[in-house]
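J.: Here's a structure for you.
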Amino acid sequence: MSFNQVANDRPRILIVGGGYVGFTVASRIQKAIKASGGVVTVVDPNPYMTYLPFLPEVAAGNVEGRHATVPLRQHLQDCEILGAKVEKIDHESKTATVRGNDDGDTYELKYDQVVIGAGSVTRAFPIPGLAENAIGMKSIEEAVHVRNWVLDRIETASLLKDEAARRRALTFVVVGGGFAGVETIAELEDMARAAVARNSRLRVSDLRFVMVEAMGRIMPEVPEDRAESVVAHLRSRGIEVLLNTSLGEVDGDTCKLINMGDKSPAGEVETQTLIWTAGVMAAPFLKQSTLPIDERGRVRVGADLRVTGDDGVVEGAWAAGDNAAVPDLTGKGVGGFCVPNAQHASRQAVTLAENIMAARNGGELKDYYHENLGAVAGLGAYKGVANIKGRSFEGPLAWLMHRGYHGMAIPTVERTTRVAANWVLSTVFGRDTSPIRNERTPRRPFEEATGIAPKEEKARI
Ligand SMILES: Cc1cc2nc3c(=O)[nH]c(=O)nc-3n(C[C@H](O)[C@H](O)[C@H](O)COP(=O)(O)OP(=O)(O)OC[C@H]3O[C@@H](n4cnc5c(N)ncnc54)[C@H](O)[C@@H]3O)c2cc1C
């Protein structure tokens with residue numbers, strides 16, 4: 001069976017991915033395409049768009065996991081939504097191979113035009129033990145799990161007799177000093193502090209937070225002096241920031257660090273919590289597709305966001321966001337291309353949607369041009385850093401700017417309201433610092449009740 005039969009053979013615009021790019025494009029074109037007798041089909045394994053900038057706040061329990069997502073079926077009612085993964089695009093025959101989630105069937109899906117907005121995945125390096133012992137910060141599930149895990153480690157540690165085991169449980173390592181890593185470690189430290197303050201068996205000084213960054217600085221998106229002041233701020237909170245340092249190996253609970261310069265040993269950290277935020281790469285399925293990609297696996301596009309290969313424009317194919325090499329016409333991009341961030345992805349999506357409609361109506365296509373506005377980052381309650389159009393801010397004002405910006409930027413008024421409600425409730429009643437027990441082993445209470453010996457798992461993230 002092909003999906004064409006399901007969609008009644010209407011001309012289809014296929015959108016791969018329902019993230020920033022996919023959601024924005026779909027919401028802008030869905031009504032017009034439907035009215036003209038076509039169908040916009042959004043394929044994403046997740047039934048929601050994930051608002052990734054909120055992941056650190058989800059990990060720190062300030063934003064409820066579900067509220068940092070935007071449900072596709074609720075907000076894209078004029079689209080066809082498929083909870084599936086695109087495995088391959090054969091643009092010559094205009095066919096996508098899609099697979100239903102988990103053990104789902106595969107289908108051949110015909111389209112007239114395709115929008116590639118599948119974003120990026122965590123880029124890990126072949127570091128021994130990394131894949132087995134670390135977790136990323138790129139999905140809602142990871143963020144929700146990290147919250148429970150960190151709070152559970154604190155509960156567990158408070159009753160551990162062995163000093164080394166207790167220290168290990170209370171040590172948290174984040175690798176990667178980009179925005180995601182800095183916000184994650186700062187938000188987690190803030191939450192851990194609040195949790196420990198409610199636990200008379202522990203002191204804040206029992207906690208240890210370590211950030212490992214391979215470069216000589218953090219946050220390449222902000223000016224160097226601002227990045228240095230963020231390092232100073234983190235250190236003033238007791239967070240160890242190790243620059244020019246990299247992870248060499250993970251052996252069980254031992255992280256072996258190395259100096260970037262001469263690759264000599266840079267010490268070991270005993271921990272059960274290793275969070276990897278050191279980079280992203282374009283969605284891997286593109287390598288199985290016939291669209292032109294660059295050496296970093298990104299779809300090649302022109303400034304008007306049409307896919308463009310060596311022989312010129314590839315008709316009927318568009319791409320934007322993290323999975324596309326979009327020329328940065330301001331001349332300030334890395335290697336001439338826009339950096340992978342939400343600021344670009346959401347604005348590229350608007351241009352892409354307008355260009356799709358212009359192409360259909362015989363209008364002129366626009367080039368994507370966007371001057372970087374700056375960056376905002378939350379570093380825990382009332383703490384933040386911002387750089388807006390060259391002006392730097394820090395402290396409560398920057399934190400308010402971070403919340404104000406992202407609170408408004410998450411798509412739909414409904415989600416803005418839910419997130420704002422989270423913030424108001426924790427301001428009034430205090431942060432919720434209790435972990436959900438057995439979140440990873442939900443069958444345990446049932447197994448105990450029915451007398452089956454619960455499976456013993458080594459505690460690791
Ligand atoms: C923790 C974190 C914090 C961040 N904070 C900021 C910030 O403060 N400011 C900022 O500007 N940027 C930030 N970013 C970066 C920003 O979120 C991304 O650049 C942005 O989400 C890219 O949008 P996109 O549409 O290209 O991809 P995404 O938003 O990632 O969407 C891609 C979608 O494609 C789907 N998909 C993937 N593969 C397939 C497939 N094979 N078939 C079908 N669907 C598929 C995914 O499930 C996903 O829904 C942050 C990122 C992270 C991880």
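J.: Using the structure shown, select from Lys34/Lys110; Lys256/Lys383; Lys88/Lys138 the pairs with a Cα to Cα distance greater than 24 angstrom.
T.: Over 24 Å apart, Cα to Cα: Lys256/Lys383.
J.: Here's something else I'd like to know. Using alpha carbon centroids, what distance separates region 292-332 and region 74-104, in Å?
T.: Spelled out, the Cα-based centre of one part sits 21 Å from the other.
J.: For the residues Glu224, Glu394, Glu57, what sequence is obtained by ranking on other C-beta atoms within 10 Å, fewest first?
T.: Least to most surrounded, the residues fall as Glu224, Glu394, Glu57.
J.: What is the fewest-to-most order of Glu183, Glu87, Glu371 by other Cβ atoms lying within 10 Å of their Cβ?
T.: Ordered by Cβ neighbours within 10 Å, fewest first: Glu371, Glu87, Glu183.
J.: In which sequence would Met49, Met219 go, from the one with the fewest C-beta neighbours within 10 Å to the one with the most?
T.: So the residues, fewest neighbours to most, are Met219, Met49.
J.: Counting other C-beta atoms within 10 Å, and keeping those with at most 13, which DSSP coil GluC sites (Glu not before Pro) do you find in region 282-362?
T.: Glu295
J.: Taking 1 over the mean of 1/r across every pair of different Cα atoms in region 103-248, what Kirkwood radius in Å do you get?
T.: 17.6 Å
J.: Next question, about the same structure. Rounded to the nearest 0.05, what FRET efficiency do Asp90 and Asp9 have when you use their Cβ-Cβ distance and R0 = 22 Å?
T.: Calculated transfer efficiency: 0.70.
J.: Roughly what would the spin-label model give for Asn438 and Arg235, points 7 Å off Cα along C-beta, in nm?
T.: 4.6 nm
J.: Report the trypsin sites (Lys or Arg not before Pro) located in region 242-334 that are in a DSSP loop and have at most 15 other Cβ atoms inside 10 Å of their Cβ, or state none.
T.: Here the sparse-neighbourhood loop sites are Lys263, Arg296, Lys332.
J.: Cα-Cα pairs above 41 Å in the chain: how many percent?
T.: More than 41 Å apart: 21 percent of the Cα pairs in the chain.
J.: Can you give me the angle between helix 20-35 and the longest principal axis of the chain, using Cα atoms only, in degrees from 0 to 90, rounded to the nearest 10?
T.: Once rounded, the angle reads 30 degrees.
J.: A further question on this structure: Could you work out how far apart the two model spin labels at Val313 and Glu163 are, taking each label as a point 7 Å from the Cα in the direction of the beta carbon, and quote it in nm?
T.: My value for the distance between the label points is 7.1 nm.
J.: Report the full-extension gain for the segment Asp251 to Tyr405: residue separation times 0.36 nm, less the Cα-Cα distance, to one decimal in nm.
T.: 51.4 nm
Read-outs: derived from the displayed coordinates by stated rules, not from any lab. All values reported here derive from a predicted model rather than from experimental measurement. Positions of Cβ are backbone-derived with ideal geometry, glycine not excepted, and every protein chain shown enters the neighbour counts.
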